[in-house]
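These notes concern the structure reproduced below.
The values are calculated or read from the model by the stated rules, or taken from the named source; none is laboratory data. What you see is a predicted model, and the numbers here were worked out from it, not measured in a lab. FYI the Cβ positions are ideal-geometry reconstructions off the backbone, even for glycines, and counts take in every protein chain you see. Surface accessibility is based on the protein's heavy atoms, side chains included, excluding ligands, DNA and RNA. Shrake-Rupley method; radii C 1.70, N 1.55, O 1.52, S 1.80 Å.
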Amino acid sequence: MLFCNGKGVLGVLVSWAALAAPPGETARSILERRCLTCHGPARMSGLDLRHIDTIKKGGKRGPAIIPGNAEQSLLYQAVSRSGELKMPPDQPLTAAERTLLGAWIQEGAPWDQAAAGTPEPSWWAFQKVVRPVVPAAPVPNPVDAFVLQALERQGLKAVAPADRRTLVRRVYLDLHGLPPTPAETAEFVTDAAPDAYEKLIDRLLASPRYGERWGRHWLDVVRYADTGGFETDLYYANAWRYRDYVIRSLNDDKPYDRFVQEQVAGDELWPGDLALEGVNEIPPRKLRELEARIGTGLYTIGPTYHEAALHGEQLRYEWLTDAVDTTGQAFLGLTIGCARCHDHKFDPISQVDYHRLMAIFAGSEERQVSVVSKMGEFGYKSAYPSVLLVEEYQNAIGRLETKVRNRATARIKEEFPLEAVQAFDTPAGRRTPAQRESADQIDAALARAGLQENAAGKNFVPQYTPEEREERERLIRELGQAALKARFDPQTATILGRADVIPEVRMTVRGDFHGAGPVVQPGVPLILGGVGDLPADKKRTALALWLTTPDHPLTARVMMNRVWAWHFGRGIVGTPGDFGRQGEPPSHPELLDWLASEFVRQGWSLKKMHRLLLLSNTYRLSGQFDAGNARTDPDNRYFWRMNRRRLDAEQLRDAVLAVAGTLNPKMGGRPVILPLTDEEKSGLWAPHQWPTSLDPAEHHRRSVYVYVKRSFPYPMFSMFDAPESSVSCPRRDATTVAPQALALLNSRFMLQQAGALAQRLEKQHPDDSNARVNALWQLALSRSPSPAEMDQALSFLTTTGVGSGQTSPLAQLCVVVLNMNEFLYVE
């Protein structure tokens, strides 16, 4: 095609291209849509087509365009397939697209942009949220209006609503992670008031059980654990304070923007102190400020390996990368970590962007702060002599054991000639060959007795005299009494604080922590509006405020997509941790943008958004299968029915405890370390790192309070797809493997709880098998058994051999019911 500078010819070409191209198509949108996969962040052949300056510069073959001369421009020759290159290689541009590109080059390649040096985003997730108009539809809830519009476009029709029993069980498990009791089910099913469902939702959202269930969701996202992982698996004594902070924040419906700000920069935004003001109580304002600082614990619970401490620069670098990766995943829903070693291959996030984010956190480090007033701190100090007394008793017991050990060693040495003893007492480096041979004989004898120094007395059995044994027992008894009165640790929280020394962040080569490149200043990704550097002081504050600007393109979108996914089984964006080009596009983009804008409009209130979603007809659909819909939309991307979901690991354990009547509702505190079987203990690298909680009542606490050990997750949770806690988990897997069925049928936990459930039924309904069976179905399944099920259950109870406890016929029937899909799945 011939191009010239004449206005007439150019005008005709542009007009023809505009008519043939899709509405709104421009040369720039063509480049972004058809070329950036290879010539964007990946810069294949050195060519970057994201900005006019890099287009003019070109790649290995020279400038890509010559403004004003399309025929001589390599880019036009490639797309028109008139030269050596033929691009794109897979699917050529249409004639209209080629003409539009040629006309653009011929016109001088104008390139409008919002700010010099800043690329204008083309990907939907990087553009600011624009509140769409709610479609006209015969439904009051805007959510339904958007969903109905999408269903009509796809030729789909929603299935019938769920019945009331299914709905009440669904919403209880959804908001509380626990099944409803028979009384709660009956209350809703029999409530004829038009607002019965609304009242149910409000009651569930007001319960502290809500924060425990939804706190677990957020802890997945922020890779929560009580230990550092790897071989030695460092214990984080205060990690639980962050977990409790999350649960409290959700129960209080803390605005999400404040929730984000507290976790990123609570120490800078709300520095405060706990100084008393004339009374012996800390003012509520100061407690809120303390809670904000505890929120920064997010950045103190990441994976850490012991040996990294051997090199301070490496330890700092690994912490910075974890902070950046977690921030990107949790708040932005982006795989920013891909840019640690090189420019992101698919998203417009450069390695410089990554290091700019690292520089934001470079001036921060872990700190311990008191969670009590000065009066409490002084009380700890005044009681410290009791700790000294404990140490004195420990030292006294140690001296007694050393005395016995030395006596045993001397007795063994007496069995050898004087020359051998003298050889043994000679330092190893100064022994002659003959002395080494003699000393080795004594070493062997000491080893057999467990008296070698390097064995730390592991096999040594002290032989105390009666007087020594009596003395040792006295010391141990008094040690215990002293320990009961002692306060060993001050009450502190682990937070992020300002470092005394702020290191430079330099560009690295492929993730090598020895940064030798230029110094990088703190900032956020350019594609998200990161123009210029952040303030040198309070850099995390700047990051927190930037993340929570009402028009931020990602923060509200990402969180609303997470909430939708946790309610509906899949997100509007099916990849909640990747809103970039490698992620799934949104199935309902207008709905997602409306929800994001509504979230901000509602004051960032999660509970208000829960209520909006749960009151929609879409949420109240049944899980009924429809063959016609399934042919068009087999994955239910358009939500023509409710997705059926298996209970996750924590829900499953909690539901079993609740039905058995053994659930302990106690909230908060240090993690509960559950007992393990001997077989499970064999998988521990160091058994002493699993100090089982000795109070049996603690073993029945909710699963959100169970010890999360990175190197050894609780076996039942691992079996049912609990996430890997070293990285953010945006979406849990749901596998189906044989060990799951074996655990549900035979594990100690399930048999114990089935026995407890049987005892509960026997106590409630003595000498009435029919009532027991009906109560079992009501507790576990929120319904009565069918006539056929009742007959089978009664037949089983009367024909099964006599047993007791966990092996009684009723306990065995409880195991069967707790293994039914109807119990294990949410409809």
Self-check item: Pairs, first under 8 Å from GLN263 (Cα atoms) and open to solvent by less than 10 Å² (accessible area, probe 1.4 Å) in the stretch 289-308, second of a type in the set (A, V, I, L, M) and in a loop (DSSP other than H, G, I, E, B), C-beta under 6 Å, six or more apart
Solution: LEU298/VAL222
Practice problem: Please list, ordered by first then second residue, the pairs with beta carbon atoms under 7 Å, 6 or more apart or interchain, first in the stretch 768-789 and free of Cβ contacts under 8 Å to residues at least 40 places away in the same chain, second buried (at least 19 other Cβ atoms within 10 Å of the Cβ) and of a type in the set (A, V, I, L, M, F, W, C). | Solution: ARG772/LEU761; ARG772/LEU810; SER784/TRP777; PRO785/VAL773; PRO785/TRP777; PRO785/ALA793
Quiz item: Would the stretch 493-515 turn up any residue that is surrounded by fewer than 16 Cβ atoms within 10 Å (Cβ to Cβ) and of a type in the set (S, T, N, Q)?
Solution: no
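Out of the residues in the stretch 330-356 that are open to solvent by 10 Å² or more (accessible area, probe 1.4 Å) and charged (D, E, K, R), which is nearest to PRO503 (Cα to Cα)?
ARG356
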Practice problem: Restrict the check to the stretch 379-391 and report whether at least one residue is open to solvent by less than 90 Å² (accessible area, probe 1.4 Å), among the small types (Gly, Ala, Ser), part of a helix (DSSP H, G or I) and farther than 30 Å from ALA493 by Cβ. | Solution: no
Practice problem: Consider only pairs whose beta carbons are under 9 Å apart and that are at least six residues apart or on different chains; among these, list those whose first residue lies in the stretch 658-682 and is farther than 19 Å from PRO180 by Cβ and whose second residue is β-branched (Val, Ile, Thr) and part of a helix (DSSP H, G or I). | Solution: MET667/ILE247; GLY668/ILE247
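Yes/no matrix, rows are residues, columns are (1) of a type in the set (Lys, Arg); (2) crowded, with 19+ Cβ neighbours inside 10 Å; (3) more than 20 Å from VAL656 (Cα to Cα):
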position	(1), (2), (3)
SER725	no, yes, yes
PRO730	no, yes, yes
ASP733	no, no, yes
LEU745	no, no, no
LEU751	no, no, no
ARG760	yes, yes, no
ARG783	yes, no, no
ALA811	no, yes, no
Practice problem: Return a yes/no flag: does the stretch 316-332 have any residue that is more than 19 Å from the chain's Cα centre (by Cα) and in contact (Cβ under 8 Å) with a residue 24 or more places away in the chain. | Solution: yes
Quiz item: ASP512 fails exactly one of the following numbered conditions: (1) touching a residue at least 40 places away in the same chain (Cβ under 8 Å); (2) within 29 Å of the chain's Cα centre (by Cα). What is the number of that condition?
Solution: (1)
Quiz item: Residue check, SER82 against (1) exposed (fewer than 14 other Cβ atoms within 10 Å of the Cβ); (2) within 19 Å of ILE349 (Cβ to Cβ), all met but one. Which one?
Solution: (2)
Quiz item: For the stretch 464-491, how many residues meet the condition of being without any contact (Cβ under 8 Å) to a residue 24 or more places away in the chain and in a helix (DSSP H, G or I)?
Solution: 10
Quiz item: Is there a residue being of a type in the set (Asp, Glu), open to solvent by 40 Å² or more (accessible area, probe 1.4 Å) and within 24 Å of PRO271 (Cβ to Cβ) anywhere in the stretch 357-365?
Solution: yes
Quiz prompt | Failed item, numbered, when PHE796 is tested on (1) surrounded by fewer than 15 Cβ atoms within 10 Å (Cβ to Cβ); (2) farther than 30 Å from MET642 by Cβ | solution = (1)
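Restricting to the stretch 328-373, name every residue that is part of a helix (DSSP H, G or I), among the acidic types (Asp, Glu) and touching a Lys or Arg at 6+ places or on another chain (Cβ under 8 Å). Can you show your working first?
Our first condition is that a residue be part of a helix (DSSP H, G or I); within the stretch 328-373, this holds for 328-332, 336-339, 351-361.
Next, only the ones that are among the acidic types (Asp, Glu) stay: 353.
Scanning the stretch 328-373 gives no hits.
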Quiz item: Given (1) outside any helix (DSSP H, G or I); (2) modelled with pLDDT of 90 or more; (3) among the aliphatic types (A, V, I, L, M), where does VAL501 come up short, assuming only one miss?
Solution: (2)
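Output the helices (runs of 4 or more DSSP H) that fall wholly within the stretch 88-206 and possess 1 or more residues being at pLDDT below 95 and crowded, with 21+ Cβ neighbours inside 10 Å, or say none. Even if it seems obvious, please write down each step before you answer.
Values: elements: 95-106, 142-154, 164-175, 182-189, 196-206.
So the answer is 95-106.
Of all residues in the stretch 445-463, count the ones that are modelled with pLDDT under 85 and assigned to a helix (DSSP H, G or I).
Residues meeting the conditions: 6.
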Exercise. Would you be able to tell me the number of residues in the stretch 539-559 that are over 16 Å from the mean Cα position of the chain (by Cα) and either more than 30 Å from ILE502 (Cα to Cα) or charged (D, E, K, R) (or both)?
Key: 7
Quiz item: For the stretch 525-569, which residues satisfy the criterion of being open to solvent by less than 10 Å² (accessible area, probe 1.4 Å), of a type in the set (A, V, I, L, M) and under 19 Å from TYR299 (Cα atoms)?
Solution: LEU543, ALA544, LEU547
Self-check item: Filter result for PHE712 (in contact with a Leu (Cβ under 7 Å, 6 or more places away or on another chain), open to solvent by less than 60 Å² (accessible area, probe 1.4 Å) and in contact (Cβ under 8 Å) with a residue 12 or more places away in the chain)
Solution: yes
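Answer with yes or no whether GLU789 is open to solvent by 20 Å² or more (accessible area, probe 1.4 Å) and in contact with a helix residue (DSSP H, G or I) (Cβ under 9 Å, 6 or more places away or on another chain). Step through it out loud before you land on a result.
On the way: open to solvent by 20 Å² or more (accessible area, probe 1.4 Å): yes; in contact with a helix residue (DSSP H, G or I) (Cβ under 9 Å, 6 or more places away or on another chain): yes.
Taking the combined requirement at face value, the residue satisfies it.
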Practice problem: Hey, can you tell me all the residues within the stretch 282-314 that are closer than 21 Å to ILE502 by Cβ, of a type outside the set (D, E, K, R) and over 22 Å from the mean Cα position of the chain (by Cα)? | Solution: ALA308, ALA309, HIS311, GLY312, GLN314
Exercise. Scan the helices (runs of 4 or more DSSP H) fully inside the stretch 601-702 and keep the ones with 1 or more residues being basic (Lys, Arg) and open to solvent by less than 50 Å² (accessible area, probe 1.4 Å).
Key: 606-614, 649-660
